[in-house]
Each structure stands twice: as C-alpha cells, then as structure tokens.
Amino acid sequence: MIWPNCYLPVLALVSLLHSTGHDSSKAATVQHRTIDFVAADETTKLQMDLYSCAESKAGPAAKSLFIFAHGGGFFAGSRQHPLNVKFCEAIASQGIDVACIDYRLTQRGKGFGCGVSSEAKRLAIDAAAADFEQALETLQVDYSRRIVIGGSSAGGHAALHSAYHRRVDGVAGVISLSGAMEPTDQVHDLPLLAFHGTCKELPLALLPRPHPGLALPSTTDCESQCANHSGSLE
C-alpha cells in the first residue's frame with residue numbers, strides 16, 4: 001500500500017480525543033521500544049513496537065494511543081516494514097503514541113485468495129482480532145480509555161472484526177485503511193473512520209452480496225469473480 005498523506009486523517013481523528021501536550025511547531029524526536037506479549041492461543045510469542053514523542057511532557061495515562069496492525073493477507077507482512085515504521089513515526093511525532101503490533105499469520109503458506117474457504121478466512125480474521133485484543137489488554141495497564149485501534153488491509157479487517165463483531169471494550173474509535181468486514185446486525189455507536197485507496201482493488205468481501213450474512217465470498221463465488229479482478233485479494 002502507498003501512504004501519500006494517509007496519516008493525516010488518522011491524526012485528525014485521534015487528535016480529537018485528547019490534547020497531546022506536545023508543541024507541534026517544533027521538530028520532534030521519535031523514540032520506540034519493543035514490548036513482548038502473548039497471542040490469544042496463550043502460546044505464541046508476539047511483539048509490538050511502541051512509538052512516542054521524546055519531547056511530549058504527558059505521561060501514558062494522559063495521552064492518546066493508536067494501536068496499528070499491518071497488512072499482508074493474514075499470511076505475510078511485518079510491523080517493521082519501512083512504510084509501517086514511517087507511518088507510525090509520523091503520528092508519534094505529533095505527540096500521539098502508536099503501538100505497531102504483531103499478530104498470528106495463520107494463513108502463512110496458504111494465502112488468502114480464491115482457493116481458501118470462507119470458513120478458513122473467518123478463522124484467520126478472528127485469530128488476528130483476538131491477538132489485537134491481547135495487545136490492547138497489555139497496553140491498557142498504562143494507558144487510559146483514549147485508545148483508537150486500526151490497521152491496513154488485513155490489519156484493518158482485524159480491527160473492524162474486533163470492534164464490531166467481537167465488541168472489544170476499552171476503545172474510543174476505529175480506523176480502517178483498506179480494510180473490510182462482514183455485515184453485522186448489532187448496532188454499535190463506536191466512531192469509525194474508513195477509507196480505501198485507488199491503488200488497491202476493493203476487497204471481494206465488500207462487493208454486493210445477495211444476503212448480509214454472506215459477505216465473505218465462498219470458494220465457488222470467488223472463482224467466478226476472480227476472472228474480472230486482477231488486484232490483490234487480501
């Protein structure tokens with residue numbers, strides 16, 4: 001994914017939640033540290049990188065936090081990809097802490113395309129969402145409830161699923177960059193900012209479906225549509 005100025009709407013939403021205590025007119029020094037945590041399976045060891053502005057005078061309890069998950073179709077991707085690092089540093093430079101997290105890539109070696117069943121895709125999304133919540137629980141020890149979660153592509157899927165299907169508690173909003181989710185009948189007033197770039201094709205999960213419970217395409221449906229879609233199926 002290309003990130004021309006996409007951190008700006010993220011910054012706008014998160015900034016509404018809390019004053020950062022940082023003078024944005026001055027050049028900022030961004031620092032980061034790596035935090036260990038355990039996946040929802042209680043076995044897999046994961047990590048996250050916490051980015052913060054060295055000049056910020058506010059402590060974690062008084063600051064906003066954006067938890068971000070990378071993309072990669074649940075089979076690839078890294079929190080340490082240069083574009084993800086640049087994205088997180090850009091937000092942290094404004095005094096908003098950012099945690100860029102790992103999650104289990106349960107489709108590694110399997111992909112996430114037309115040959116993968118809807119059930120396997122649902123399990124992959126749910127596992128990533130559960131790991132998202134493990135990271136959130138780890139960070140909530142130090143941070144207040146001014147926490148926004150989000151991600152890019154697969155990471156956006158995970159954040160949306162956690163917020164609107166699993167109904168995770170303790171977050172103030174969601175940001176989805178090229179993410180998607182299955183429809184839900186549950187009403188949730190949690191604020192959402194979602195956008196999709198022009199350089200990546202719309203996920204098949206967002207295409208019109210005959211029934212709201214069938215948003216994720218089955219293998220058969222997907223095969224019939226793949227011929228008309230040359231872009232990524234993440």
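Worth a mention:
- Some residue of segment 69-81 being in a strand (DSSP E or B) and within 20 Å of residue 182 (Cα to Cα): yes
- Residue 159 buried (at least 21 other Cβ atoms within 10 Å of the Cβ) and either within 13 Å of the chain's Cα centre (by Cα) or over 19 Å from residue 76 (Cβ atoms) (or both): yes
- Scanning segment 86-104 for residues that are of a type in the set (A, V, I, L, M, F, W, C) and assigned to a strand (DSSP E or B) turns up 98, 99, 100, 101.
Residues are listed down the side, and each one gets a yes or a no for (1) under 21 Å from the mean Cα position of the chain (by Cα); (2) at pLDDT below 95; (3) surrounded by fewer than 14 Cβ atoms within 10 Å (Cβ to Cβ):
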{"position": "26", "(1), (2), (3)": "no, yes, yes"}
{"position": "29", "(1), (2), (3)": "no, yes, yes"}
{"position": "36", "(1), (2), (3)": "yes, no, yes"}
{"position": "40", "(1), (2), (3)": "yes, no, no"}
{"position": "54", "(1), (2), (3)": "no, yes, yes"}
{"position": "57", "(1), (2), (3)": "no, yes, yes"}
{"position": "62", "(1), (2), (3)": "no, yes, no"}
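- Failed item in (1) modelled with pLDDT under 95; (2) within 21 Å of residue 81 (Cα to Cα), with residue 100 passing the rest: (1)
The values are calculated or read from the model by the stated rules, or taken from the named source; none is laboratory data. Everything numeric in this text was worked out from a predicted model, so none of it was measured. Counting neighbours? That spans all protein chains shown, and the Cβs are built from the backbone with ideal geometry, glycine included.
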